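Just below is one structure, and these are the notes that go with it.
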């Protein structure tokens, strides 16, 4: 067929089609599987088929196969689901256990039968004792079921284990943080998310049970109506009547095809819950006009969750991560935590939520010891809610049930939990989403629903781990507004972990900077950004910072070494810090940070004699343009990189390219010197 523009219209085209030789081999593989079945179908005596499959022996064999298969599947599910969940976790010896469980897949069925007979036969390891007690297993219907379980259980386990390992991470952890116990997490999160794999694994195991022959014949024998299943009946009929064998074989093919077809069946989703979100439907039309001005729950609403905010006090270490933090967060305080990747921010979140334990020290929430001195409370008992950049909305539930999940886990009735959920969804401006499934949400919608779900449990402490990091600009702004409004309304103690300085300034009243697993700066966002003492806060503030040992001359000028030259500052002065509260006291030899704005750096082709006092050589490392300005990255002799900001005209006049050398001059009055002492401990 020639694909023209007309035939392509409306069709999705494969941007990376498979090579033709792959398709040829795939077709060959299909033929290798289908041709034998076609050959069998050609030999079936279709005119005599009803009579052949209607014999008493055939009916007995089919009935026995279906009954034993159903019994074996029930046992497979009872044993296989817990076994798959166990093997999907990391623990010492799990590899050995996995080999043992999957070993029957590689054994010939007759070997499996011999093993069962040696164990449960009349003279077997266990069978002899059972015989003495009057219980006989071998050569009975029970033996057929045991043989089918032995060969089919690994199919179910390996299918479920693979599914558990590849599921979205963090769903169970989120449920536990919302207050759900282990059994509730298993019933409401783990098993529902395993449903497709459970269907597939069950169907594969059932197909294996229906086709089992060797182990059954060896362990159970061939007694009509007792142990002679369909495969055994076909084998016996083949010796005397090939037409009967073909007819029975066709019957087994049909049954097997139906069972295997179940592995490809998935129920059609209901896009919306029937009658869900009546109030949400009413406000849907208003949402477009005022998305952030949704109805907030009344403080007097008896269904609004209430909880007194709690303080957080952590003083502890995790040696393997080099993490050592001493921090206090007051009740009702909202703090932002910033730092490089790997600085220890997410470790702080893990310690407070209970996903990580301290090696030494202690953690107290609201004065209650939750980690330390032989105490380690699980996440569900800490009163801490966690919201991350992956909102981890439960995709198999409606939005309303997602938000009601926490209250339900804490013992609220279904109706009360839903009233609380509607109130929180209204507060987050997304009540109109109540009837949607969790996996039908956009990123911004999921973030707001996640916030509503976290606040629905009235947490003592709310941990926000980069909740807006994965959102676009518009969605981020909306979530920031909702977050700021809801935190102000609830008075919840909150710790916001972020890389976005706008988050820190707009939401938090206090900013912590972490580096190397320690708190290196602690104060109000405005104070830290006005007088940065770390390279990280300097970059946040958009200024340059050079650290070093101070030299103080008779004119009270402070300088630090930059290669063979010096960077000079005037203490207590500086264009960039006017209005600061007095001058800092800096003594000879103190660790000091010299801070200056990129626009205070002048660039020259040659060194400039006389004033200014600082004239530093450097190499152009890069050039960035923004609007009418050019930001030049200059690497100094000391290896540090500073930024200079000049107009496009000035940069063009210089005529310098990356890799070339230039000179940077900075007036001492435009450089601020601030003490850069040891890292500040938490309050």
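Here the helices (runs of 4 or more DSSP H) wholly within segment 173-220 that include at least 3 residues being under 16 Å from residue 156 (Cβ atoms) and more than 25 Å from the chain's Cα centre (by Cα) are 195-211. Residue count for segment 162-172 under the criterion of being in a helix (DSSP H, G or I) and either closer than 16 Å to residue 406 by Cβ or touching a strand residue (DSSP E or B) at 6+ places or on another chain (Cβ under 9 Å) (or both): the result is 2. The condition (being out of contact with any strand residue (DSSP E or B) (no Cβ under 7 Å at 6 or more places or on another chain), in the same structural domain as residue 232 (by TED's automatic domain parsing), closer than 30 Å to residue 251 by Cα and not in a helix (DSSP H, G or I)) is satisfied by just one residue among 139, 155, 150: 139. Considering segment 371-388 alone, what residues qualify as being without any contact (Cβ under 8 Å) to a residue 24 or more places away in the chain and touching a helix residue (DSSP H, G or I) at 6+ places or on another chain (Cβ under 8 Å)? Passing the criteria: none in range.
Quick one: which of 52, 66 is modelled with pLDDT of 90 or more and in a helix (DSSP H, G or I)? The conditions single out 66. Looking across segment 116-136, the residues that are without any contact (Cβ under 8 Å) to a residue 12 or more places away in the chain and assigned to a helix (DSSP H, G or I) come down to 118, 119, 127, 128, 129, 130, 131, 132.
Among the criteria (1) crowded, with 19+ Cβ neighbours inside 10 Å; (2) more than 30 Å from residue 593 (Cα to Cα), the one residue 469 does not fulfil is (1).
Only one entry of 586, 562 meets the criterion of being within 18 Å of residue 615 (Cα to Cα), surrounded by 17 or more Cβ atoms within 10 Å (Cβ to Cβ), within 48 Å of the chain's Cα centre (by Cα) and at pLDDT 80 or above, and that entry is 562.
If the requirement is being out of contact with any strand residue (DSSP E or B) (no Cβ under 9 Å at 6 or more places or on another chain) and at pLDDT 90 or above, which of these qualifies: 380, 368, 364? Every option except 368 fails the conditions. The criterion of being out of contact with any helix residue (DSSP H, G or I) (no Cβ under 9 Å at 6 or more places or on another chain), under 17 Å from residue 655 (Cβ atoms) and in the same structural domain as residue 566 (by TED's automatic domain parsing) does not hold for residue 610.
The values are calculated or read from the model by the stated rules, or taken from the named source; none is laboratory data. Bear in mind that the values here come from a model prediction, so they are computed numbers and not experimental data. Glycine gets a Cβ as well: all are built from the backbone with ideal geometry, and neighbour counts include every protein chain shown.
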